[in-house]
Amino acid sequence: MLKVGLEIHGYLNTNEKLFCRCKVLHGKKHSESNVNICPVCTGQPGSKPLLPNTEAVKKVIEIAIILGCRISPEGLWQRKHYSWPDLPKGFQSTISGPHSVPSGTGGKFMGIRIKECHLEEDPAAWNPITGEVDYNRSGAPLVEIVTEPDFKTSEEVVSWLGNLMSTLSYVSAIDKKSGLKADVNVSITGGERVEIKNINSFRKIKEAIDLEFTRQEKNPPKIEETRTYDEEKKMTVLMRTKDSAMDYRFISEPDLPVLKISQVLINEIKKSIPKLPFEKMKKLVTKYKIEKRYAEILTKRLSLVELFEELVKKVKPEIAIPWVSVELLGVANYNKMDVDEIDINPEHFTKLLLAVESGKISELKAKDILRGWAKGSSPPEKEIEEGKKIELKEIDKIAKEVIKENEKAVKDYKAGQKNSLNFLIGEIMKKSGKRAGFKETREALLGILG
Amino acid sequence: MGFLYKKLSEKDKEEIKKEAKRIMDSFGKKLSKIKELPKEGSIKRENSIREEGPGKDGSPDFKKRILENAPNKNKDFIIAEKKGWE
Amino acid sequence: MVEKMTTLEKLKKYLEKIKEKDKDLNIFLEVRPESELIDEAKRIDEKIKDGKAGRLAGYVIGVKPNINVVGFHASCSSKVLEDYKSTYDATVIKKIKEEDGLIIGMVNSDEFACGSSGETSAYGPVKNPVNPELIPGGSSSGSAACIAAGFCDMALGSDTGGSIRNPASHCGVVGIKPTYASVSRHGLIDLSMSFDQIGPIAKNVHDATLLLDVIRGKDENDSISLESGKLNLKELGKKKKFKIGILDFKIQDERIQKLIDEKVKEISKKYGWNVKKVRIEYIDTAIETYYPIVYTEFFSATRKFDGRKYGKKIEDSCGPEVLRRVLGGAEITRSEHEGRNYYLALRVRKLIEEEYARAFKEMDIIISPTVPRLPHKIGEKITIEEMYSYDALTIPSNLAGNCSMSVPVGKVDGIPVGMQIMADKFQEQKMLEVGALVEGFGERR
């Protein structure tokens, strides 16, 4: 029996870093290295932390509330010491550890129990191959969410994570574009727990869990281990065992006052939390009378809620629903990506679907364009113009060509084989570069063949 | 071992480690004789959080200075150790 | 009292003296290039002429090397940071520059402020200008010595367990440890975060007060810092009544206590002060309370000296006392001990803090000697406990977080002796007024 628990780090959506006023860079696109830095976030001798960023604190409380946690009214900052190239002060400032109660404890989210969630700072970015250290991210505020080991399959993990990230990014608590970092704890019955550190995509998380499960079944671990996932070799690699576990030497932080979280603040934040995607989705299903099979897909994929909401502003729901819940997912599956990893601009998608709705382009053509958006959507106007449905005259012309080239199929149709008609229609649409619509093609063909 | 500065051999370091432990043990022993101690207290201030602004841009001067101090570096980065887990 | 000389004339006088005498005293680690200093002095004199000068215009200031000043190495008198050029100005330095103080250079100190004698410096000990065979005290050895040697007007030191007051006493100058958190620590390289304070050292109470008034103040860059009242220099020297407590605490050298007692009797007679003996419970455990906290916090503070970003790995390049503290702190913080010694010490510290709070309800000022014995000869064999015992009278003020100062009141065996004047938290004005009146009774230098 497989048991999986997660320790997730999400990047909080703030302007400034946690303990200094440097800008936080969002998104994976990197600007020049080592620009958003100051004495505090580079751990210069004599530097001290500023008071923690209010926005960061508020967002962690918001997240804790969404996760159903108990909020602790006081937070004792701690120093968690260890030596690593990405840790400028030689310790990380955090509200966790044996002497401190984290801001959120004892919650539950979509069936998985939450052990705790707390606020801490990001280390710098260290490239182990070149040794280069970039302090742009050093000191950025993070939320750490720790689950109980309630997951039973890797699919469950990835789908839950997707929903978690979508929910948290929906309320702008975390910056989804900056990605996530997860430590995954995997164990099987009769074996000790193994921690796989620092996995930063859903695909890798699923791979790592599956590989680790297989490895553990062959040889159940007898001591707790910390491992890392080697993507190239497709295996997990041992970093250290519990025996040589890190001693973090926690002490209370003498440079920061106790963090006070008043009931007034908590109430204020509770009131300001917008309706969560899950609730929204249930409402949308009712409102648009979405069929069960589509509804199930949509409610499991909360990232699609935002997209769907945007689309139905201009596009008819009957069109939007299958395109969002089936076609888009199909593109993701084909490219072995998670649908959350496809960067779709709602404006682009709206334009595309409006073109389908108005009959300007064929569905096949639209699917083509959508497939090209695996690496991110682009403005579709040009492709729509170039791919727009052709006139009946054109279809007629192509139809006559196809009839000439496919005498057997014509004969079969005339002999009563309905499939041959569809074959011919297919050929016509292909020949037209998918610019002939199905309905129009069928009409034209029937018109010719009788 | 004394207090005057000197370069320390491994043997010196061992001796110092022992001295430190001895001192800390002896101090701890004296303190543990005191009865009825208050709680250690925590740092309380009126504000424990700060309002954020739009975020400050870094200064190129500062980047230059920290690179100057780095034992290993290139044009844009401080260079720490290189490592795998083999 | 701004001197009648121009800044430039004064600067030149100091530079002459430094050139002549510092090779025998080993006070300065770094002096700014002469041309730069001269240019700046000229600029300041222009400002004075135009009536646009700041409050420190005309004053030449030395700085302890654990304070960041751009343009200098904040070496902490160590090989670990000997190549570290300050990447930013400490807040106190910004304030001094804004008020047109002229920073002449970085003075020697104990390594990483770990010491009470000046002997732990990686660059050799400072010699006491009053008697070069003797230690000047520490850890702000150079800061006190540069004033005593006549090398500058004022200096910045730092005080964690007496590191400003101790050398001020041995060198016969005035040194102030401000109320904890009243002066920003941004830019001060940590020894013990719960105790460290930057403070002024000067020839007289007035100058020390002026510098203190400039550097104090709440700072966003130090989250623990607090605002404090503006200091009133005009009140210094005015006859006032105070309730004085003389600390009832037996010290090693009775002659020192005798001198303090005599002075207090003299002054209180003149000004009608109410004097009585006061006992503070638990201060006989001050040293045992202080060092576990310092060792622990110093260990934590020095984790950043890993040799990756600047300087060298501290364990590889430091001297014996620094290593003692680092390794002691490493031992205390081992998770299996659950920080027992550290938390025990923090609790006793709270106890002592409460004792002082109680005492200050009954009196304005507590007076004692600054140090319990006369300074030893440089290099003399001394045990760890003996060295730590120099701090017995100064540490309590750091533990309690209140303010205290040392004022020279006389000599024993030709060696300067300081009187420690202590007041409750944020009662600097009272402390300084008493200090100024006591100063009037000291031997004029």
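The values are calculated or read from the model by the stated rules, or taken from the named source; none is laboratory data. Everything numeric here is computed off the predicted structure, so don't read it as measured data. Heads up, the Cβs are rebuilt from the backbone with ideal geometry, glycines too, and the neighbour counts pull from every protein chain shown.
Observations on the structure shown:
- Residue A:60 satisfies every condition listed in (1) outside any loop (DSSP other than H, G, I, E, B); (2) touching a Pro at 6+ places or on another chain (Cβ under 7 Å) except (2).
- Helices (runs of 4 or more DSSP H) contained in the range C:337-445 and holding at least 1 residues out of contact with any Ser or Thr (no Cβ under 9 Å at 6 or more places or on another chain), within 14 Å of chain B (Cβ to nearest Cβ) and β-branched (Val, Ile, Thr): C:384-389
Conditions tested, residue by residue: (1) in contact with a Lys or Arg (Cβ under 8 Å, 6 or more places away or on another chain); (2) not in a helix (DSSP H, G or I).
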{"residue": "A:330", "(1), (2)": "no, no"}
{"residue": "A:336", "(1), (2)": "yes, yes"}
{"residue": "A:361", "(1), (2)": "yes, yes"}
{"residue": "A:373", "(1), (2)": "no, yes"}
{"residue": "A:378", "(1), (2)": "no, yes"}
{"residue": "A:398", "(1), (2)": "yes, no"}
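- Of all residues making up the range B:13-43, the number that are part of a helix (DSSP H, G or I) and either touching a residue at least 60 places away in the same chain (Cβ under 8 Å) or within 7 Å of chain C (Cβ to nearest Cβ) (or both): 12
- With respect to the conditions (1) within 14 Å of chain B (Cβ to nearest Cβ); (2) assigned to a strand (DSSP E or B); (3) basic (Lys, Arg), residue A:181 falls short on a single one, namely (1).
- Candidate set from the range C:96-111 (those that are assigned to a helix (DSSP H, G or I) and crowded, with 23+ Cβ neighbours inside 10 Å); member that is farthest from the other protein chains (Cβ to nearest Cβ): C:96
- Scope the range A:103-114; condition outside any strand (DSSP E or B) and of a type in the set (Lys, Arg); matching residues: none
- The helices (runs of 4 or more DSSP H) located wholly in the range A:242-308 that include 1 or more residues which are within 14 Å of chain B (Cβ to nearest Cβ) and not polar (S, T, N, Q) occupy A:263-272.
- Of all residues in the range B:44-68, those being among the basic types (Lys, Arg) and more than 7 Å from chain A (Cβ to nearest Cβ) number 2.
- Among the residues of the range A:11-50, those that are closer than 10 Å to residue A:135 by Cβ and either facing chain B (nearest Cβ under 8 Å) or not in a loop (DSSP other than H, G, I, E, B) (or both) comprise A:22, A:33, A:34, A:35, A:36, A:37, A:38, A:42.
- Of all residues in the range A:4-21, those that are within 19 Å of residue A:67 (Cβ to Cβ) have Cβ atoms under 8 Å from Cβ atoms of residues that are assigned to a strand (DSSP E or B) and of a type in the set (Phe, Trp, Tyr), 6 or more apart or on another chain, in A:4/A:151; A:5/A:151; A:6/A:151.
- Any chance residue C:125 is within 30 Å of residue C:389 (Cβ to Cβ), in a loop (DSSP other than H, G, I, E, B) and more than 14 Å from every other protein chain (Cβ to nearest Cβ): no
- Some residue of the range A:104-113 being more than 22 Å from residue A:37 (Cα to Cα) and polar (S, T, N, Q): yes
- Checking each residue in the range A:231-260 for being among the β-branched types (Val, Ile, Thr) and within 30 Å of residue C:191 (Cα to Cα) picks out A:251, A:258.
- Against the test of being surrounded by fewer than 20 Cβ atoms within 10 Å (Cβ to Cβ), more than 11 Å from every other protein chain (Cβ to nearest Cβ) and among the aliphatic types (A, V, I, L, M), the options A:158, A:143 yield a single qualifying residue, A:158.
- Residue C:357 meets each of the listed conditions (1) out of contact with any Cys (no Cβ under 6 Å at 6 or more places or on another chain); (2) assigned by TED's automatic domain parsing to the domain that holds residue C:253; (3) crowded, with 19+ Cβ neighbours inside 10 Å; (4) within 27 Å of residue C:291 (Cβ to Cβ) apart from (3).
- Condition check for residue A:138: within 20 Å of residue A:343 (Cβ to Cβ) and either in the same structural domain as residue A:85 (by TED's automatic domain parsing) or surrounded by 22 or more Cβ atoms within 10 Å (Cβ to Cβ) (or both): no
- Of the residues making up the range A:26-73, those that are aliphatic (A, V, I, L, M) and under 29 Å from residue A:109 (Cα atoms) are A:56, A:57, A:60, A:61, A:63, A:64, A:65, A:66, A:67, A:71.
For (1) modelled with pLDDT of 95 or more; (2) outside any helix (DSSP H, G or I); (3) in contact with a Phe, Trp or Tyr (Cβ under 9 Å, 6 or more places away or on another chain), each residue gets a yes or a no:
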site	(1), (2), (3)
A:84	no, yes, yes
A:96	no, yes, yes
A:101	no, yes, no
A:116	yes, yes, no
A:120	no, yes, no
A:138	yes, yes, no
A:142	no, yes, yes
A:164	no, no, yes
A:168	no, no, no
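- Residue check for residue A:274: under 30 Å from residue C:343 (Cα atoms) and not small (Gly, Ala, Ser): no
- First in the range A:412-435 and in contact (Cβ under 8 Å) with a residue 40 or more places away in the chain and under 19 Å from residue A:389 (Cβ atoms), second anywhere and surrounded by 14 or more Cβ atoms within 10 Å (Cβ to Cβ) and of a type in the set (Asp, Glu), Cβ under 7 Å, 6 or more apart: A:434/A:368
- Any hit, the range A:227-239, residues being in contact (Cβ under 8 Å) with a residue 60 or more places away in the chain and in contact with a strand residue (DSSP E or B) (Cβ under 9 Å, 6 or more places away or on another chain): no
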